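Asks: The structure that follows is given in the form of structure tokens.
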Amino acid sequence: GKNVKILPYRRKDLLIFKNFQWENNYLSGLTSNDINHWNTDDWKKLFKKNSNKATINGFTVRRINDDSFFGYVKILNINESNKHCRLSIGFQNLNNDELYMIETLNLVLNYIFKKVDMHKVSLSVNSFNTGTVSICTKVGFKLENTSKDEYCFENNWMNIDNYIIFKDDYLAQQK
């Protein structure tokens, strides 16, 4: 991309990723499946698992100008017969880097739709996370439904908004 690059995990990313996984700005970008109290050993296992795969589906997101790590993207639940997959995203300092996040999602969606030839991509976002919702809708994701009281966080029940984007719709808006 112009401002961001998407790379496989590096060993040095381990501590950076672990240290910002629970910052408020970072947490707001996580989907419900990512809200886990992982320790350093858990992160090591994740990095080792992804670094040994022939097809890596988890990536770091970095700024081109200084190579700084500010998020991740995972491509999950790839269903080749139905041409559908899910995205999981997490960004540090969500409020300050909207353009970087939009560029990141566009890079990933271009790859998924043009190279992998998926038909549909889905993404789940915490309902209270207006920053991520704004970014996803600017890229073209549409709200499909809301899962009520999906999980409990700090003694409060949280809703999850489920978004989708179709290949034809995405490519049409890119013209």
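The values are calculated or read from the model by the stated rules, or taken from the named source; none is laboratory data. All figures in this text were calculated on a predicted structure; none of them were measured in a lab. Positions of Cβ are backbone-derived with ideal geometry, glycine not excepted, and every protein chain shown enters the neighbour counts.
Asks: Would you point out which residue out of Gly29, Gly71 is at pLDDT 50 or above, outside any helix (DSSP H, G or I), within 26 Å of Leu171 (Cα to Cα) and touching a Gly at 6+ places or on another chain (Cβ under 6 Å)?
Replies: Numbers: Gly29 fails: at pLDDT 50 or above.
Going through Gly29, Gly71 in turn, the sole match is Gly71.
Asks: Go through (1) over 24 Å from Thr60 (Cβ atoms); (2) assigned to a strand (DSSP E or B); (3) not small (Gly, Ala, Ser) one by one and return the number of the condition Thr137 breaks.
Replies: (2)
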